[in-house]
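Take a look at the structure set out below.
The values are calculated or read from the model by the stated rules, or taken from the named source; none is laboratory data. Here the structure is a predicted model, which is why all the values come from computation and not from measurement. Positions of Cβ are backbone-derived with ideal geometry, glycine not excepted, and every protein chain shown enters the neighbour counts.
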Amino acid sequence: MERFFDIFFSGLALLIFSPFLVLIILVLRLTGEGEIFFVQERIGKNGEVFKLFKFATMLKDSPNIGTRTVTMTADPRILPVGRFLRKTKINELPQLLNVFLGDMSLIGPRPLTAQTFGYYSASTQNFINQVRPGLSGVGSIIFRGEEDIMYGASASIDFYEEVIMPYKGLLEEWFVVNKTIYIYFLAIIVTVWTVVIPSTQIAWKMFKGLPEPPAELKPSLNYSK
């Protein structure tokens, strides 16, 4: 059933947004390094690797520079237009094609690179491998401001690996255990809401029983019981 809605919604969105996507393509061609798409291997269902599409927002060789596949606030690798695209999440729109093709679902755990996926425990990896990764999802909604969290004293790979990823893993496990068509549609609605009102605490109210974040993350995640 979810696959039907994935195909329907992603196909409809690609059709509706096509003029806007063409405009973004032209802007990217004329700015920065002239790159339009960023294509990167990500871990999908059953641990299979697929190529994920995004609009290019960073220097072409950014996966081999600095913090590699972990992005932080004020990351010098981000291009001027790319900063706007990332802030508004417009850079994620090409993943609608991944959803349409079946690599991803609209809702699921965030697809990660092999490097960042390896930060999860073996148990969490096994949970996540049971489902298609998502364009959005519970983990993505809660960590919608992840780049802002990785700032100042928190701007380290150790903090990302030892604090952020274990908790994010618990959120993704919660999704897999509680996955229903109701959660699917609820996550779509909450995603739209948080894009419009980023400071909202609605996710904590709508998704009942989410694991409590560690103290270091509560302020950044706008946590509310």
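So the values come out like this:
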| quantity | calculated |
| --- | --- |
| Condition check for Leu106: surrounded by 18 or more Cβ atoms within 10 Å (Cβ to Cβ), at pLDDT 95 or above and not in a strand (DSSP E or B) | no |
| Cross-chain or 6+ apart pairs with Cβ under 8 Å, the stretch 11-35 first and within 14 Å of Thr57 (Cβ to Cβ) and in contact (Cβ under 8 Å) with a residue 60 or more places away in the chain, then aliphatic (A, V, I, L, M) and not in a helix (DSSP H, G or I) | Ile24/Leu93 |
| Members of the stretch 26-38 found to be modelled with pLDDT of 85 or more and either surrounded by 14 or more Cβ atoms within 10 Å (Cβ to Cβ) or not in a helix (DSSP H, G or I) (or both), listed by number | Val27, Leu28, Ile36, Phe37, Phe38 |
| Residue check for Leu14: modelled with pLDDT of 95 or more, in contact with a helix residue (DSSP H, G or I) (Cβ under 6 Å, 6 or more places away or on another chain) and surrounded by fewer than 21 Cβ atoms within 10 Å (Cβ to Cβ) | yes |
| Spans of helices (runs of 4 or more DSSP H) in the stretch 110-225 with at least 2 residues without any contact (Cβ under 8 Å) to a residue 12 or more places away in the chain and β-branched (Val, Ile, Thr) | 181-196 |
| Boolean, Ser140 is over 19 Å from Glu92 (Cα atoms) and either small (Gly, Ala, Ser) or touching a Leu at 6+ places or on another chain (Cβ under 8 Å) (or both) | no |
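Matching residues to (1) modelled with pLDDT under 95; (2) within 24 Å of Gly47 (Cα to Cα); (3) polar (S, T, N, Q):
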{"residue": "Pro133", "(1), (2), (3)": "no, yes, no"}
{"residue": "Val138", "(1), (2), (3)": "no, yes, no"}
{"residue": "Ile157", "(1), (2), (3)": "yes, yes, no"}
{"residue": "Glu161", "(1), (2), (3)": "yes, yes, no"}
{"residue": "Thr180", "(1), (2), (3)": "no, yes, yes"}
